[in-house]
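The values are calculated or read from the model by the stated rules, or taken from the named source; none is laboratory data. None of the values given here were measured: they were computed from a predicted structure. No Cβ is skipped: glycine too gets one built from the backbone with ideal geometry, and neighbour counts run over all protein chains shown.
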Ligand SMILES: Cc1ncc(COP(=O)(O)O)c(C=O)c1O
């Protein structure tokens, strides 16, 4: 009999609902031949969103540099189907600056020219804020998606079982999972659902006081802006309030800003912009997975650190630890690095690719907003379902205000899956106020598919509620 090994309990206990039991049941149904619509995760290209043309043209040339000369001649001759000259130029420039091509390891933090492009992007975005401080390329780390950046930061900050991290509830379960894996404590704060998921200072104070009374040593506060799963977009006043709170309590702010392009007409205000010269440690994240790129599979993202926290008991700096962590994996994947560069340096007005790029961007964002609106209309037809607040990120998080006695949002989502093929995640997977029920749906399926499936959902909702004694949640 082989010896039984004790596994790391932190890994055993870690949960990740967006790939949890409902998506697992969806996978079984798919194997049985059922059509499944995967709205459990913000994975736009899995639901038919087309990749943007310009970044893919550059990527194709980066992958096959021996075609550069030929493609340049074709572009210059205006040959049919030729890549535009700016795509060829960009690929040539990136290859020259990469020096060793996509197939070689790079610097652990990512190539300098990509980090410089990220810094220039941040500066363009935030210039004009009071006390503007330019971004420093040496404080930028290119990562395999934002997820990797979150893991690295929390791994450094959580030094013992009493160390806690404040996270919004509901939250994106990456945070609860990583805190668990690192053996720390999750401390939830609850944005106010009835006021469109606004963030109140009293609630931050309540969460802090309760945690401290329980012996928790708070290290950081996570803010997801725009929110996942709520879609809430924070006004500048809330961003400032979080920075005030962090300064008072000596916390690191982790600003997850991967949905910064998904605000659908409302302004996005970054934490870095509001921070200005204030000394609060800030780790901001961005990704190629969301926005209008939707390049989730490329695994590209960046982490920007401002005012790195001083570390007790070591001469090593926070930045050096981040580099050490990156160097254990040698470097992030080079295609993801290239995609980050293309995200932060899109074609400029006047460039041959600009018009097409802007049209594709506007189409993707316009479609997303329209689909969210269509879902909200369907919710209005469902008894007890409410979905307050503006549209943001890629998700709606409707509250299921009435359910048959003895059932919860898990059973509801399972029935929705079985009857319509829509794979969603129940609210408990993100955390929710006790006694409430929700689900999260990514508003990504093609419009025709939504039109086809929404009447079935409305009908399923009616029959689900009719099947039992209704109770309010
Ligand atoms: C709030 C939030 N942060 C981070 C991530 C992870 O992004 P990435 O694909 O860059 O790892 C996601 C993915 O859905 C997300 O919703």
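Given the structure, is residue 289 in contact with a strand residue (DSSP E or B) (Cβ under 8 Å, 6 or more places away or on another chain), assigned to a loop (DSSP other than H, G, I, E, B), in the same structural domain as residue 156 (by TED's automatic domain parsing) and within 15 Å of the ligand (Cβ to nearest atom)? Full working, then the answer.
On the way: in contact with a strand residue (DSSP E or B) (Cβ under 8 Å, 6 or more places away or on another chain): yes; assigned to a loop (DSSP other than H, G, I, E, B): yes; in the same structural domain as residue 156 (by TED's automatic domain parsing): yes; within 15 Å of the ligand (Cβ to nearest atom): yes.
Against the criterion (in contact with a strand residue (DSSP E or B) (Cβ under 8 Å, 6 or more places away or on another chain), assigned to a loop (DSSP other than H, G, I, E, B), in the same structural domain as residue 156 (by TED's automatic domain parsing) and within 15 Å of the ligand (Cβ to nearest atom)), residue 289 qualifies.
Yes/no per residue for (1) within 15 Å of residue 336 (Cα to Cα); (2) more than 31 Å from the chain's Cα centre (by Cα):
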| residue | (1), (2) |
| --- | --- |
| 57 | yes, no |
| 60 | yes, no |
| 72 | no, yes |
| 76 | no, yes |
| 80 | no, yes |
| 85 | no, yes |
| 90 | no, no |
| 94 | yes, no |
| 98 | yes, no |
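Taking segment 44-84 as the range and being surrounded by 15 or more Cβ atoms within 10 Å (Cβ to Cβ), in a loop (DSSP other than H, G, I, E, B) and in contact (Cβ under 8 Å) with a residue 12 or more places away in the chain as the test, the residues that pass are 49, 51, 52, 83, 84. Among the residues of segment 96-149, those that are within 15 Å of the ligand (Cβ to nearest atom), farther than 27 Å from residue 348 by Cα and out of contact with any helix residue (DSSP H, G or I) (no Cβ under 6 Å at 6 or more places or on another chain) comprise 148, 149.
For segment 211-243, a residue qualifies if it is part of a helix (DSSP H, G or I) and touching a residue at least 12 places away in the same chain (Cβ under 8 Å), and the qualifying residues are 211, 236, 238, 239, 240, 241, 242, 243. Answer yes or no as to whether residue 180 is crowded, with 23+ Cβ neighbours inside 10 Å, more than 16 Å from the ligand (Cβ to nearest atom) and part of a helix (DSSP H, G or I). Here the answer is no, as residue 180 does not meet what is asked. Reported count of residues in segment 328-377, each being touching a helix residue (DSSP H, G or I) at 6+ places or on another chain (Cβ under 9 Å) and not in a helix (DSSP H, G or I), is 12.
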